[in-house]
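Notes follow once the structure below has been shown.
The values are calculated or read from the model by the stated rules, or taken from the named source; none is laboratory data. The structure presented is a predicted model; accordingly, all values stated were derived computationally and were not measured. Heads up, the Cβs are rebuilt from the backbone with ideal geometry, glycines too, and the neighbour counts pull from every protein chain shown. In case anyone asks, the SASA skips ligands and DNA or RNA and just uses the protein heavy atoms, side chains included. Shrake-Rupley method; radii C 1.70, N 1.55, O 1.52, S 1.80 Å.
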Amino acid sequence: MKRHHTFRISRISRLCAALLLLLLLVPPAVSVFSAAAAPAVLSQEEAVINARSTDKDVSFTVASSVKLKSFATGDFEYTMYTLSPYGYAILCDETGALMEAVFAEDAIAPYPVIYGKTFYYSGPGNYIVLENGIYRSLLTGQALQTTDIQTFAALEYEVQSTTVRHYRTSAALQQLNVSPRYGGSIAVSAGWDYFSGLSDFGDNREGTCTVLAAAILFGYFDEYVDNAFVPSGYEQGNGTSEAFHQYLNDLVYGSNPQGGIYIRDTLNALNQYLSSRGVSERMQSEYSSNYNARYKIITELSDGWPVLASASESLGADWNHTVVVYGAAFDPYYPVETATLEMHTGHHGSTSNYRFVASIRWFYECGYIVD
């Protein structure tokens, strides 16, 4: 028995030695034993991006980044992140605030990922490259004048300064009957399923974006509130037609030239139209203060209603544009200016042309419907 026990020990020892030799011969890149991969830890920037994304079924990570300069300081103040599996986002480096983003498979980042070039950012649409001493728009290719640069610098300073002001405005947001989503972040949505994929709407050819946005909004209310908002002959697919947009243009502009117009200046004609349709709802606007208008955008969304919102060059955005806002993400313990909005831009083409996320800081007027 003793010799037999010794044999077993010797045999096990030889097996262990053989196994050890086998392990030593396995190339380092090969894993003999596998374990469950540890969950990826998001960076601070990725956490912000995912908290404000419009596609909650996807976890976005940073694929590459480009530093962007500020006209206000002359320093690198922003970063554009191209995302995996798709999309892009621009964040303010100092505050971590999301300035704009597109979370769509066909998204095209406004800045090329080319190192060695000097890029500037000054709000949606203001994508600038400095080459051979000339500032040039990446969208239009046009050269910027000295006065353009000075204007960008002044407006950007105003936008940046709102990150540390108007804390009292956000106090009212704490009273909203909504629940946090990511930490202190809150998301509110009104018609996301309708607007996020809406491709049937008119065509903004003459700067009539405010009327087009109203036509898009009326299409939503026609679908979910009262089907008298839009005559059946003007319905198209899941939305409204260009004919409906032009019909409202005729009512709003009359014999005047078509073009840019404030939401508040369309109310009389649009409300007369609603009255003629036997609709009890009416449009109103909030514009007396940028901060009141921004607060109104969020409170209407919190009550379940999409709104119109206008961005302005006077706030740094290149648009002078009115959109339909159907979602917002914000932290009630931070200034309302740190909120981001989900919107339908009214731009035809790819999905990314009309699904856009941007900071609420670019917006100065809210148009909303009341009963």
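The value obtained for the stretch 251-371, namely the Cα convex hull volume divided by the number of residues, is 126 Å³ per residue. For residue 356, the amide hydrogen comes within under 5 Å of the amide hydrogens of 343, 345, counting only partners 5 or more places away or on other chains and with H modelled in the peptide plane. Applied to the stretch 44-56, the Karplus parametrisation 6.51 cos²θ - 1.76 cosθ + 1.60 on θ = phi - 60° returns per-residue 3J(HN,Hα) values of 4, 5, 5, 5, 4, 4, 5, 5, 9, 6, 9, 10, 6 Hz, with x for Gly and Pro. Listed by chain and number, the aspartates and glutamates whose alpha-carbon sits under 15 Å from that of residue 117, ignoring those within fewer than 8 places in the same chain, are 75, 131. Taking 12 Å as the straight-line reach from the Cα of residue 69, the aspartates and glutamates in range (excluding those fewer than 8 positions away in the same chain) are 77, 93, 156. Residues of the stretch 280-303 with the amide nitrogen closer than 18 Å to a label point 7 Å from the Cα of residue 256, along Cα-to-Cβ, please. Under 18 Å, as judged by backbone N against the label point of residue 256, lie 283-287 of the stretch 280-303.
Over the stretch 251-371, average the accessible area per residue using a 1.4 Å probe and give it in Å², no decimals. About 36 Å² of surface per residue is accessible. Spin-label model, residue 203/residue 271: points 7 Å from Cα along the beta carbon direction are separated by 3.4 nm. Couplings for the stretch 237-245, taken from phi via the Karplus curve 6.51 cos²θ - 1.76 cosθ + 1.60 with θ = phi - 60°, read x, 9, x, 10, 9, 5, 4, 5, 4 Hz in order; Gly and Pro are left as x. In this structure, the amide hydrogen of residue 203, modeled 1.01 Å from its nitrogen in the peptide plane, lies closer than 5 angstrom to no residue at least 5 positions away or on a different chain. In this structure, residue 94 and residue 192 have a Cβ-Cβ separation that, at R0 = 45 Å, corresponds to a calculated FRET efficiency of about 0.90. Between the stretch 110-152 and the stretch 186-259, the C-alpha centres lie 33 angstrom from each other. For residue 56, a cut-off of 19 angstrom between C-alpha atoms picks up these aspartates and glutamates, skipping any fewer than 8 places away in its own chain: 45, 46, 100, 105, 106, 193, 331, 342.
Label-to-label distance for residue 113 and residue 232 is 5.2 nm, based on points extended 7 Å past Cα in the beta-carbon direction. Taking 0.36 nm per residue of sequence separation and removing the Cα-Cα distance, the residue 282/residue 145 pair yields an extension gain of 45.0 nm. Distance between the 7 Å Cα→Cβ label points at residue 333 and residue 58: 3.1 nm. Remark on residue 107: its backbone amide H falls under 5 Å from those of 87, a criterion applied only to residues 5 or more positions apart or on other chains, H modelled at 1.01 Å from N.
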